[in-house]
Amino acid sequence: MWTSSYVLFSGGFCLLFLSLLYWATEVRRWRGRWTMPILVLGMNAIAGFVADSLIYGPGYSFIVTTESGTKMNRHKAAQAHLEAAGLSVANASLVYSVAALLICWIMLWFLCRRKIFLKV
């Protein structure tokens, strides 16, 4: 998955998407409600990075015993629980990642509403 060609492809795609967002928001001044989620993530990017580490970090560190008796980290246990609910492996991973992003975004939204911006 992490071949050099994949890294170059995904990096190029991200740069194209970033340039499209820059053109739309800064050059054309197309702003509105659709830019709010992006602004919330961008105004406290350092806090978002730390929040993501606090959410994902413990998921890899703590070992839990599942109902079947196997031991695995919390991240894999959460994905296994989602898979048992009927999701495929890819969709379970997607739901777990989107949930972690949503939790981080909500924390950053509270900081943004209170006008608290962390700077380095």
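Over the chain, what is the relative contact order in whole percent, taking alpha-carbon pairs under 8 Å and six or more residues apart? Walk me through the numbers on the way to the answer.
Details: 66 pairs, mean separation 32.4, N = 120.
Reported relative contact order: 27 percent.
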Inset, instruction - Determine ³J(HN,Hα), in whole Hz, for all residues of the range 94-104 in sequence, where each value follows from phi through the Karplus function 6.51 cos²θ - 1.76 cosθ + 1.60 and θ = phi - 60°; x replaces Gly and Pro. - result: 5, 4, 4, 5, 5, 5, 5, 5, 5, 4, 4
Inset, instruction - Work out, in µm²/s and without decimals, the Stokes-Einstein translational diffusion coefficient of the range 39-82 at 10 °C, 1.306 mPa s, Rh from Kirkwood over C-alpha pairs. - result: 134 µm²/s
Legend entry - In Hz, Karplus ³J(HN,Hα) per residue of the range 37-44 (6.51, -1.76, 1.60; θ = phi - 60°; x = Gly, Pro): x, 6, 5, 4, 5, x, 6, 10
Legend entry - Read-out Kirkwood radius over Cα pairs in Å, derived from the coordinates shown; its label in [x] 14.7; [y] 16.0; [z] 17.2: [z]
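Here, each number is a calculation from the coordinates, and none is a lab measurement. Model, not experiment: these values are computed from the prediction.
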